[in-house]
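Asks: I'd like to ask some things about the structure below.
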Amino acid sequence: MVDLDSEVPPLPPRYRFRDLLLGDQGWQSDDRVQVEFYMNENTFKERLKLFFIKNQRSSLRIRLFNFSLKLLSCFLYIIRVLLDDPTQGLACKELNRRCSNQSYTPGTIDWSPIVWVNRSLPLWGLQVSVALISLFETLLLSYLSYKGNIWEQILRIPFLLEIINAVPFIITIFWPDLRNLFIPVFLNCWLAKHALENMINDLHRAIQRTQSAMFNQVLILISTLLCLIFTCICGIQHLERAGNRLTLFDSLYFCIVTFSTVGFGDVTPKIWPSKLLVVIMICVALVVLPIQFEQLAYLWMERQKSGGNYSRHRAQTEKHVVLCVSSLKIDLLMDFLNEFYAHPRLQDYYVVILCPTEMDAQVRRVLQIPMWSQRVIYLQGSALKDQDLLRAKMDDAEACFILSSRCEVDRTAADHQTILRAWAVKDFAPNCPLYVQILKPENKFHIKFADHVVCEEEFKYAMLALNCICPATSTLITLLVHTSRGQESQQSSEQWQKMYGRCSGNEVHHINLEESTFFAEYEGKSFTYASFHAHKKFGVCLIGVRKEDNKNILLNPGPRYIMSSTDICFYINITKEENSAFKKQEKHRKKHESKLSYHGTSRLPVHSIIASMGTVAIDLQDTGCRTSSGPTLALPSEGGREGRRPSIAPVLEVADSSSLQTCDLLSDQSEDETTPSDEEVSAGLEYAKGYPPYSPYIGSSPTFCHLLHEKVPFCCLRLDKGCQHNYYEDAKAYGFKNKLIIVAAETAGNGLYNFIVPLRAYYRPKKELNPIVLLLDNPLDDLLRCGVTFAANMVVVDKESTMSAEEDYMADAKTIVNVQTLFRLFSSLSIITELTHPANMRFMQFRAKDCYSLALSKLEKKEREKGSNLAFMFRLPFAAGRVFSISMLDTLLYQSFVKGYMISITRLLLGLDTTPGSGFLCSMKITEEDLWIRTYARLYQKLCSSTGDIPIGVYRTESQKLTTSESQISISVEEWEDTKDTKEQVNYRNNHRNSTSSDQSDHPLLRRKSMQWARRLSRRVPRHSGKTAEKINQQRMNLYRRSERQELAELVKNRMKHLGLSPAGYDEMNDHENTLSYILINPSPDTRLELNDIVYLIRPDPLAYVPNTAPSRKNSFCNTVGQDTREETQL
């Protein structure tokens, strides 16, 4: 058997210098033919060039060796100077006189000490050896770099210096009498500087790592300065051998004093050659050093623009995060810094900003503030370059935030840039957690690998949809994700601002049940029981849990869920439990128990919450005693309602079948929804519950919702045009039973899917499903045709075409003006919109002379000066949920770094994700029949004991007393037309001049219009006397005196009549009462309920409790929802 090892040819030898010169000799004895593809590289010159120049590592070694030789020659020169004695050079002087055949005259310069020196034989031998090696290397490199011009190689300064320092030593080998000849070996310092520069360049090539240009320039400057000083020291010391005979130290002292422009004068040159050298060195310094400093200053300015580097040592010893953006604006920067550093454990983190654009002036000024200059590092660079990612030390970062540019016209292109950045970061630093913001949902699957993803259009449309069924959901979510201590507007004189500001400090926190003081005692009890009693005792709202072995969060899993010691509890409170101090108030129970009027299980504590510097001290009242003045659970005696129960059932520790009975508050008096009514059958609307058959984009969460049995033809989707199936051309003709929801958008994108699904969720009763009208263009005629006069909500989506305005804040201009137009035309229409910049909220429902709005503007400025992150929260449109800023999604992304669960909880609240067993957000309205409950704590108990719902907040509407403004003055035109009294007409004529003069300044436009109308009327109609003239004058007066509100009303009515629509419903829209609305998140238990309060609820999943044997869901929680016959959702 043939040995296979013997047949294998030997491996080629390693890369050696001998192989470069002679070639590879190992293959000559082989029978095989070696093919040379690059013959020119096998020549002797090319092999030498490959070793000395082309090869990075070998070239670096050659440069390092050359640098060492030059330093060695300078060191040998210093040794020769220290060993030299000018008095021992007499023989040399005689030799010099004989050689020059000149007589020596006393009083002149003695050149002998300058020309001749004492050099020992061993020292001479070392210097000759160094000179030989240096000269050979210089000649070899000159030969290898020769390109046809010999004079270019010879006249180079390094070559000339090498010849001056090396050739004289070689001559002394053949002429021994010249061994003591002076040779300026100290000039080798300039050759060492040149070798150092080449060595740094080769080092960069060898290790594939580019050092900072600033570092290179500083190194060159320092080496140039050292070479100048060393040359001057050695030159002055040698020339003064014929004068003062200075030592090296004296020469060093003289050079430092001279170059520093101090000039003591105690050490000065005596002979003219040394003086000439000083002049020459000063001139060289005045020319060379400014050039070096100019280059250094230029690089410093460029470094200030690019930001430099984040050092590896700092990255290994400190914690930092990286923020990648395409353009950095001051608002984005301040939102990030305020939210990121609001958490105590992030105070030691550093923020490295990686941005491809140059830092603007505003950002530069902010980053110069001491509070931020020590924490924030700005780097100009691209996330697609590994070099810039290395500068930011991305592989050592704790997290990387990648934000999209929402101000781009092409939002798809902006998403593509974000995707590439995410891919580049993941490729460079696979272990770095990624927090990515994407704009369009169809691009979300490209970054599925990211740890946390926020899709703008998903959240935007979901919040707009929930605002239609749960008022101010966007405000609720915004307040929950922002960091606040609840100190806003606590010095205000208005009660609603105090309550609203204090409750805005509530956030979502988490803690392990076994480590919690709030929830540890409820282990083994139901979730509903734990939530109610934790709120009763501590004032915290338990909203969800997560099992230790499961990543899914369950919002209000219901009374059948039993709490475990390993569960992670999620609760709403002003501060987290770790920052709370508990004070148990001891009371004398025996003294107070005799005074109690009720001894049931639902006694309410009196809570005293003191927020100070992020720490809350909660006074825990003894739940076993209460004062007699406290509210009782019994109904008022004068109520006379015999149908209600006299008390509220207790919340059971472990739920049974009887604990989930319906109550009068939440009873469902509607018919079985599984059976369609006659009206639905006649209209052809038969609903079924199921999952949508098609998904508009990859990554959308399947949602159980109401579906039609049959697909509607596409032609029937056009509301303003009839087809062969129906002949309706306006919304009124369809006869919808519920009010419309109109969506005014620029394009019908995939994000609309997240708007429609929450409005068609399976838990919403079919009787409450609102028709949805998509309006892609919104002129007045189209608005009237689509039924704006009887619409429940008008949703205006931000216009993408105006995103790229030259001024950033003008991106919302088109949306703001469109909303303002709708507000002026339809004052009572519920308009919901979103803006890019939160500062533009002050223009929503703008009234120029509204004193209350001006007062709120001053309040906003004060809160901003105090450092509030929610200075805009007191604007009435935001507080009422009419507008929100999409920038709150940036805050949600920042919050997820500390609270990794915030995105999941927000998606569950908005209905973007559905987890089996997890509840959903809904609302109920407090009517007159529900006021017997009286307090929020009693409502909490009522809901927990009956349906298992968890209330999390209250949406309250109050009457607003506004100062009468110009826009609110209205005088009925019909009232003036019906006036026939002659006396009043005379009064009008007498007072016409006074009224004109007083109102002309207030209504210049109306005055001009009325005068033009009067002139045209006088030209067309002949003059009449008597009643005709008075009638014309009266009409002119009526036109002049009518208000802007009436003019707009006439315009809309005329358009409706022209389109064949009835204007009956428009008059009702103008009867708008001045109100203000706001949200109370997790209010105190003793908060009094008021009429028309809307309570936010987290309702358990109805499908989690449906028996397997039941074929329908008539007994599910979905059908235990109270119905309101006045088209108001009462869940």
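Asks: Is it fair to say residue 511 is surrounded by fewer than 23 Cβ atoms within 10 Å (Cβ to Cβ) and either in contact with a strand residue (DSSP E or B) (Cβ under 8 Å, 6 or more places away or on another chain) or assigned to a helix (DSSP H, G or I) (or both)?
Replies: Answer is yes for this residue.
Asks: Do we find that residue 406 is in a helix (DSSP H, G or I) and either touching a residue at least 60 places away in the same chain (Cβ under 8 Å) or under 30 Å from residue 746 (Cα atoms) (or both) in this structure?
Replies: On the way: in a helix (DSSP H, G or I): no; either touching a residue at least 60 places away in the same chain (Cβ under 8 Å) or under 30 Å from residue 746 (Cα atoms) (or both): yes.
No, not satisfied.
Asks: Considering only residues that are assigned to a helix (DSSP H, G or I) and open to solvent by less than 10 Å² (accessible area, probe 1.4 Å), which ones fall in the range 533-543?
Replies: Here is the first cut: in the range 533-543, the ones assigned to a helix (DSSP H, G or I) are 533-538.
Scanning the range 533-543 gives 534, 535, 538.
Asks: Shifting gears a bit: What tally of residues in the range 423-435 results from selecting those that are over 15 Å from the mean Cα position of the chain (by Cα) and either crowded, with 20+ Cβ neighbours inside 10 Å or not in a helix (DSSP H, G or I) (or both)? Walk me through how you get there before you give the answer.
Replies: So in the range 423-435, the residues over 15 Å from the mean Cα position of the chain (by Cα) come out as 423-433.
Imposing the further condition that a residue be either crowded, with 20+ Cβ neighbours inside 10 Å or not in a helix (DSSP H, G or I) (or both) reduces the set to 424-425, 429-433.
Of the residues in that region, 7 qualify.
Asks: I've got another one for you. So in the range 241-270, with the set limited to residues that are assigned to a helix (DSSP H, G or I) and either small (Gly, Ala, Ser) or at pLDDT below 80 (or both), which one is farthest from residue 290 (Cα to Cα)?
Replies: Checking each candidate, the answer is 242.
Asks: Take the conditions open to solvent by less than 10 Å² (accessible area, probe 1.4 Å), in contact with an Asp or Glu (Cβ under 9 Å, 6 or more places away or on another chain) and not acidic (Asp, Glu) and apply them to residue 937. Does it pass?
Replies: yes
Asks: Taking the condition of being open to solvent by less than 10 Å² (accessible area, probe 1.4 Å) and at pLDDT 90 or above, how many residues in the range 920-932 meet it?
Replies: 5
Asks: Let me ask something else. Would you be able to say whether some residue in the range 278-300 is of a type in the set (Ser, Thr, Tyr), open to solvent by 20 Å² or more (accessible area, probe 1.4 Å) and closer than 30 Å to residue 345 by Cβ?
Replies: Checked against the condition, which is being of a type in the set (Ser, Thr, Tyr), open to solvent by 20 Å² or more (accessible area, probe 1.4 Å) and closer than 30 Å to residue 345 by Cβ, the range 278-300 yields no hits at all.
Asks: Just to confirm my filter: which helices (runs of 4 or more DSSP H) fall fully inside the range 798-906 and include at least 1 residues that are of a type outside the set (S, T, N, Q), under 30 Å from residue 776 (Cβ atoms) and modelled with pLDDT of 85 or more?
Replies: Result: 813-825, 876-879, 888-898.
Asks: Suppose we filter the range 739-758 for residues that are surrounded by fewer than 22 Cβ atoms within 10 Å (Cβ to Cβ) and either free of Cβ contacts under 8 Å to residues at least 12 places away in the same chain or touching an Asp or Glu at 6+ places or on another chain (Cβ under 8 Å) (or both); how many remain?
Replies: Qualifying residue count for the region: 5.
Asks: Can I ask one more? Select from the range 872-908 the residues that are under 29 Å from residue 958 (Cα atoms) and open to solvent by 10 Å² or more (accessible area, probe 1.4 Å) and write down the one among them that is nearest to the chain's Cα centre (by Cα).
Replies: 887
Asks: Here's something else I'd like to know. Can you list residue pairs whose Cβ atoms sit under 7 Å apart, with the first residue in the range 173-192 being touching a residue at least 24 places away in the same chain (Cβ under 8 Å) and the second being open to solvent by less than 20 Å² (accessible area, probe 1.4 Å) and basic (Lys, Arg)? Count only pairs 6 or more apart in sequence or on different chains.
Replies: 188/70; 191/70; 192/70
Asks: Could you tell me how many of the residues in the range 718-738 are open to solvent by 50 Å² or more (accessible area, probe 1.4 Å) and acidic (Asp, Glu)?
Replies: Going through the range 718-738 one residue at a time, the tally reaches 2.
Asks: Taking the options 1040, 1105, 1096, name whichever one is closer than 30 Å to residue 916 by Cα, modelled with pLDDT under 70 and either in contact with a His (Cβ under 8 Å, 6 or more places away or on another chain) or buried (at least 16 other Cβ atoms within 10 Å of the Cβ) (or both). Walk me through how you get there before you give the answer.
Replies: On the way: 1040 fails: closer than 30 Å to residue 916 by Cα; 1096 fails: modelled with pLDDT under 70.
Within the list 1040, 1105, 1096, the selection yields 1105.
Asks: Before we move on, is residue 166 free of Cβ contacts under 8 Å to residues at least 40 places away in the same chain, open to solvent by less than 40 Å² (accessible area, probe 1.4 Å) and not aromatic (Phe, Trp, Tyr)? Show your work before the answer.
Replies: Values: free of Cβ contacts under 8 Å to residues at least 40 places away in the same chain: yes; open to solvent by less than 40 Å² (accessible area, probe 1.4 Å): yes; not aromatic (Phe, Trp, Tyr): yes.
Yes: the conditions hold for residue 166.
Asks: Next question, about the same structure. Of the conditions (1) open to solvent by less than 60 Å² (accessible area, probe 1.4 Å); (2) closer than 21 Å to residue 903 by Cα; (3) out of contact with any Gly (no Cβ under 8 Å at 6 or more places or on another chain); (4) part of a helix (DSSP H, G or I), residue 413 fails just one. Which one is it?
Replies: (2)
Asks: Next question, about the same structure. Would you check if there is a residue in the range 303-320 being open to solvent by less than 80 Å² (accessible area, probe 1.4 Å) and modelled with pLDDT of 80 or more?
Replies: Yes, the conditions are met somewhere in the range 303-320.
Asks: Taking interchain pairs and intrachain pairs at least six residues apart, which have beta carbon atoms under 6 angstrom, with the first residue in the range 770-785 and part of a loop (DSSP other than H, G, I, E, B) and the second aromatic (Phe, Trp, Tyr)?
Replies: 771/736
For every residue, the table says whether it meets (1) out of contact with any Leu (no Cβ under 8 Å at 6 or more places or on another chain); (2) within 30 Å of residue 698 (Cα to Cα); (3) not in a helix (DSSP H, G or I); (4) not hydrophobic (A, V, I, L, M, F, W, C).
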| position | (1), (2), (3), (4) |
| --- | --- |
| 736 | yes, no, yes, no |
| 741 | no, yes, yes, no |
| 748 | no, yes, yes, no |
| 767 | yes, no, no, yes |
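Asks: Could you pull out the residue among 551, 525, 547 that is among the charged types (D, E, K, R), open to solvent by 10 Å² or more (accessible area, probe 1.4 Å) and over 35 Å from the mean Cα position of the chain (by Cα)?
Replies: The conditions single out 525.
Asks: Against the condition assigned to a loop (DSSP other than H, G, I, E, B), surrounded by 12 or more Cβ atoms within 10 Å (Cβ to Cβ) and at pLDDT 80 or above, how does residue 703 come out, does it pass? Spell out how you get there, then give the answer.
Replies: Details: assigned to a loop (DSSP other than H, G, I, E, B): yes; surrounded by 12 or more Cβ atoms within 10 Å (Cβ to Cβ): yes; at pLDDT 80 or above: yes.
Yes.
Asks: Sticking with this structure for a sec: Given the condition among the small types (Gly, Ala, Ser) and either over 22 Å from residue 758 (Cα atoms) or out of contact with any Phe, Trp or Tyr (no Cβ under 6 Å at 6 or more places or on another chain) (or both), answer yes or no: does some residue in the range 923-931 qualify?
Replies: no
The values are calculated or read from the model by the stated rules, or taken from the named source; none is laboratory data. Small disclaimer: the values here were computed from a predicted structure and weren't measured. Positions of Cβ are generated from backbone atoms using ideal geometry, with glycine treated the same way; all protein chains shown enter the neighbour counts. Note: areas computed on protein heavy atoms with side chains; ligands, DNA, RNA excluded. Shrake-Rupley method; radii C 1.70, N 1.55, O 1.52, S 1.80 Å.
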